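Before any comments, here is the structure.
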Amino acid sequence: MTDTNASPELRIAIVVSRFNEDVTNGLVSGARASLVDSGINLSDRDIYSAPGAFEIPLIAQTLARTGKYDGVICLGCVIKGDTAHFEYISQAASTGLMAASLATGVPLTFGILTTYTDEQAIVRSRDDAHNKGREATLACLEAIQTLAAVNQQSEGTK
């Protein structure tokens, strides 16, 4: 994103999975820090809990359809186990978020970790520059900016 200071009037929601909470709490902290760095205040009432990654797309789509939010940051963590469950949940979450974003026209960013080990998840949720909650937030803000620019350009050509 070229301009890291977003409009403080932007309304952002976060949907976060309760599954693997030790990791997802770190992702939320990273997202909050990135929003603060961008000049955006996030109220606790704009953070919504999902039971797991599978439920995130429906909640995010519902939030986007309210018209209350300019973007929704989606955070979760799926760690590979001994069964194929990991693949099904990861695929469903990513496909669901893309479909919901396209259906609503609202940026729904993918901050759902899909890792092979607990250690990989912990590294990606630490309080540092590599925190994937931060990255999902910056992607959301940049998408909002880009869509606003496209809409401005299309209005100027009418």
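Does the stretch 25-41 contain at least one residue that is outside any helix (DSSP H, G or I), over 12 Å from the mean Cα position of the chain (by Cα) and farther than 16 Å from Arg134 by Cα? Looking through the stretch 25-41, none of the residues is outside any helix (DSSP H, G or I), over 12 Å from the mean Cα position of the chain (by Cα) and farther than 16 Å from Arg134 by Cα. Inspection of the stretch 140-150 identifies no residue that is touching a helix residue (DSSP H, G or I) at 6+ places or on another chain (Cβ under 7 Å) and of a type outside the set (Phe, Trp, Tyr). Within the stretch 12-35, residues that are touching a residue at least 12 places away in the same chain (Cβ under 8 Å) sit with their Cβ atoms under 6 Å from residues that are part of a strand (DSSP E or B) and hydroxyl-bearing (Ser, Thr, Tyr), at 6+ positions apart or across chains, in these pairs: Val15/Tyr48; Arg18/Ser49; Thr24/Ser17.
It is to be established whether one or more residues within the stretch 70-88 are under 16 Å from the mean Cα position of the chain (by Cα) and hydroxyl-bearing (Ser, Thr, Tyr). Quick ask: steps written out before the conclusion?
Just the residues of the stretch 70-88 that are under 16 Å from the mean Cα position of the chain (by Cα), to begin with: 70-78.
Within this subset, residues satisfying the condition of being hydroxyl-bearing (Ser, Thr, Tyr) are none.
Within the stretch 70-88, not a single residue is under 16 Å from the mean Cα position of the chain (by Cα) and hydroxyl-bearing (Ser, Thr, Tyr).
Here the condition is being more than 15 Å from the chain's Cα centre (by Cα) and closer than 18 Å to Thr115 by Cα; of Ala92, Ala53, it holds for Ala92 alone. Looking only at the stretch 53-91, residues that are over 17 Å from Val106 (Cα atoms) and touching a helix residue (DSSP H, G or I) at 6+ places or on another chain (Cβ under 7 Å) come to 8 in all.
Could you please let me know if Ile47 is over 23 Å from Ala143 (Cα atoms), surrounded by fewer than 22 Cβ atoms within 10 Å (Cβ to Cβ) and not charged (D, E, K, R)? No; evaluated as a whole, the condition is false for this residue.
Yes or no, residue by residue, for (1) buried (at least 20 other Cβ atoms within 10 Å of the Cβ); (2) at pLDDT 95 or above:
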position	(1), (2)
Met1	no, no
Ser7	no, no
Ala13	yes, yes
Leu58	no, yes
Thr62	no, yes
Tyr69	yes, yes
Cys74	yes, yes
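Quick check, is Ala92 at pLDDT 95 or above, surrounded by 13 or more Cβ atoms within 10 Å (Cβ to Cβ), touching a Pro at 6+ places or on another chain (Cβ under 7 Å) and over 21 Å from Val123 (Cβ atoms)? The answer is no for Ala92. When Phe86 is tested against (1) modelled with pLDDT of 95 or more; (2) outside any loop (DSSP other than H, G, I, E, B), just one condition goes unmet, and that condition is (1). Residue under question is Thr137, and the condition is that it be under 20 Å from Asp37 (Cα atoms) and hydroxyl-bearing (Ser, Thr, Tyr); does it hold? The answer is yes for Thr137. Looking across the stretch 122-158 at every residue that is part of a loop (DSSP other than H, G, I, E, B) and within 17 Å of Ile14 (Cβ to Cβ), the one that is farthest from the chain's Cα centre (by Cα) is identified as Asp127. Checking each residue in the stretch 116-150 for being of a type in the set (S, T, N, Q), within 14 Å of Gly76 (Cα to Cα) and surrounded by fewer than 21 Cβ atoms within 10 Å (Cβ to Cβ) picks out only Gln120.
The values are calculated or read from the model by the stated rules, or taken from the named source; none is laboratory data. Remember, predicted model here, so these are calculated numbers, not experimental data. Cβ sites come from the backbone with ideal geometry, for glycine too, and all protein chains shown count toward neighbours.
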